[in-house]
Amino acid sequence: MSNKEHWERIYTTKTPQEVSWTQAKPETSLDLIAKFDLPKFAKIIDIGGGDSLLVDHLIELGYTNITVLDISKAAITRAKERLGEDAHKVKWIVSDIRDFKPTESYDLWHDRATFHFLTSPEDIAKYKHRLTQISTRHLVLGTFSTSGPLKCSGLEITQYDRSKIEATFGDYFNVLECINTDHTTPFETIQNFTFARISKK
């Protein structure tokens, strides 16, 4: 099964309450985004946004230039249906991040739990290239921590702490802060995440 087929199957067979990553309000992401004090017209892209509720909250906060990218068409369809009339306020991209060819730069690149699925040096290099080729200004990155799970949705992941994030992105970006936080899944298990707030040098 390909990566895309895996995620299409997940989003067509499971409800939000049956997947571990569901959050009613992504507070850590919203708090870290707010610290950048971006104008409401700032270009924001949510990588692996799927049917995450982050986009709902960004719209509610008044941001007007939001893009959501996900490998799963089914996930994006669910998000559009949930947003209703507000869906037209968002740019939607169906793409594997490794195949994504950005056509514009972004003020903020948000990624909660996509990057950690990249486990090969080649895929990690592709991801970093996407960030640098489009002159991304700021990055909010959430990954499983070194105390977190080793797998998600049956797939291997790469764990990160501050030193590993700095080693990965330090040639182009400064890690402004790094925090660890527990996420409680819909089925009451705990996953520890590392979140980093990062800016271009």
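Inspect all residues belonging to segment 8-26 and state whether any of them is in a loop (DSSP other than H, G, I, E, B) and farther than 20 Å from G142 by Cβ. For segment 8-26, residues in a loop (DSSP other than H, G, I, E, B) and farther than 20 Å from G142 by Cβ: present. Given the structure, is S120 of a type in the set (G, A, S), at negative phi and touching a strand residue (DSSP E or B) at 6+ places or on another chain (Cβ under 7 Å)? In short, no.
When you look at D31, is it acidic (D, E), part of a helix (DSSP H, G or I) and over 24 Å from K126 (Cα atoms), yes or no? Spelling it out, D31 is indeed acidic (D, E), part of a helix (DSSP H, G or I) and over 24 Å from K126 (Cα atoms). Scanning segment 64-78 for residues that are surrounded by fewer than 21 Cβ atoms within 10 Å (Cβ to Cβ) and not in a strand (DSSP E or B) yields T64, K73, A74, T77, R78. Residue check: K43 meets all listed conditions (1) farther than 26 Å from S135 by Cβ; (2) basic (K, R); (3) buried (at least 17 other Cβ atoms within 10 Å of the Cβ) but one, namely (1).
From the list R137, R112, R98, which residue is of a type outside the set (S, T, Y), touching a helix residue (DSSP H, G or I) at 6+ places or on another chain (Cβ under 8 Å) and more than 20 Å from T22 (Cα to Cα)? Lay out the reasoning, then the answer.
Numbers: R137 fails: touching a helix residue (DSSP H, G or I) at 6+ places or on another chain (Cβ under 8 Å); R112 fails: more than 20 Å from T22 (Cα to Cα).
Only one candidate qualifies: R98.
The criterion of at least 3 residues that are in contact (Cβ under 8 Å) with a residue 60 or more places away in the chain is met, among strands (runs of 3 or more DSSP E) falling completely within segment 86-201, by 108-112, 138-144, 173-184, 190-200.
Each reported figure results from applying straightforward, stated rules to the coordinates on display, with no laboratory input. What you see is a predicted model; the values in this text were computed from it and never measured. Every residue, glycine as well, gets a Cβ built from its backbone with ideal geometry; the counts of neighbours run over all protein chains shown.
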